[in-house]
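Nothing in this text is a laboratory measurement; each read-out follows from the coordinates by a stated rule. In this text, all values refer to a predicted model and were calculated from it rather than measured experimentally. Glycine also receives a Cβ, built like all others from the backbone with ideal geometry; neighbour counts cover every protein chain displayed.
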């Protein structure tokens, strides 16, 4: 394919990192029981009080497909939005978009897989048909004043198809860019990434991709989530998804683990000298709410340990 894209993305040396909280959507979508809408609203509002500026709230999928998120419409109607916070939602098709545009959601997130097999399992259509359907969705969403985010599932590997090449992912990113998507998220759906693979992937894409912002979404299946984020940081990635308490998983993946815990990510980044704008202590009420509602131990590390003693001293001006 001829390369007609002139504006190439460059990695960032900025010390500011943006965290996109996906717990209310990715974290709750796989739960076996329905979390009451009032609890979800409370969770989102607590997260917005922590300094997080971007929160993925829900998904406008068919209620029978993901019953845990069947209250998407009511949820967006009840959230007391905090100024300066972007509230997003996943939209799989035109029917979902119509529902989303009746709410106050700020950002529409599109998603497809870099694996044909996974796309068929997850969306019941081919990758080509997914992209074809996005054209009208993107046009209508932009005309309605909503920003666009694009997910690339299985970007780092698929349990059915194995290795996914950077070239495959690059073509999807280009297609998203042509639709007006401003940020594309590479997702480690099955937890198959490692730091070397992560660095190699982003280095290739930063040199070969159109001018969209690249972000990363790592599932912690094999305990490498934070290590992969470190590798991505070195290549210039400055936007990362995470979920409070390490919630999450993939409905189409057996034994899938959750996302990197938001509190673990905030702690690591701040320890490394990056600025997140998130108050670690204000994440704890959100963590406690999730733990109470789900009645499970969450895979968070810093919640039990707390922040290092020197961080505590800095917080009180010692």
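The distance between label points at residue 62 and residue 126 comes to 2.1 nm (points 7 Å beyond Cα on the Cα→Cβ vector). What is the log10 of I(q)/I(0) for the chain, computed with the Debye formula using one identical point scatterer on each Cα and no solvent, at q = 0.08, 0.13 Å⁻¹? Rounded to two decimals, the profile gives -0.33, -0.91. The equivalent ellipsoid that matches the C-alpha gyration tensor of the range 117-174 spans semi-axes of 24, 13, 9 angstrom, in descending order.
For the peptides 23-30, 265-272, residues were scored by their other Cβ atoms within 10 Å and the scores averaged per peptide; the highest-first order is 23-30, 265-272. Summary of packing: across the peptides 51-57, 94-100, 151-157, the per-residue average of other C-beta atoms within 10 Å ranks them, highest first, as 151-157, 51-57, 94-100. Per-residue ellipticity at 222 nm from helix content only, as computed over the chain with -39500 (n - 2.57) for each DSSP H run of at least four residues, stands at -12000 deg cm²/dmol.
Residue separation of residue 204 and residue 178 scaled by 0.36 nm, minus their Cα-Cα distance, works out to 7.4 nm of gained length.
Highest average first, the peptides 183-191, 113-121, 76-84 ordered by how many other beta carbon atoms sit within 10 Å of their residues are 183-191, 113-121, 76-84. Within the chain, DSSP assigns beta bridges of which about 10% are antiparallel (rounded to the nearest 5).
For residue 279 and residue 34, the difference between the fully extended length at 0.36 nm per residue and the C-alpha to C-alpha distance is 85.3 nm. Site pair residue 73 and residue 234 shows an inter-label distance of 5.0 nm when each label is modelled 7 Å from Cα along Cα→Cβ.
In this calculation the C-beta distance from residue 104 to residue 135 is compared with R0 = 25 Å, giving a FRET efficiency of 0.50.
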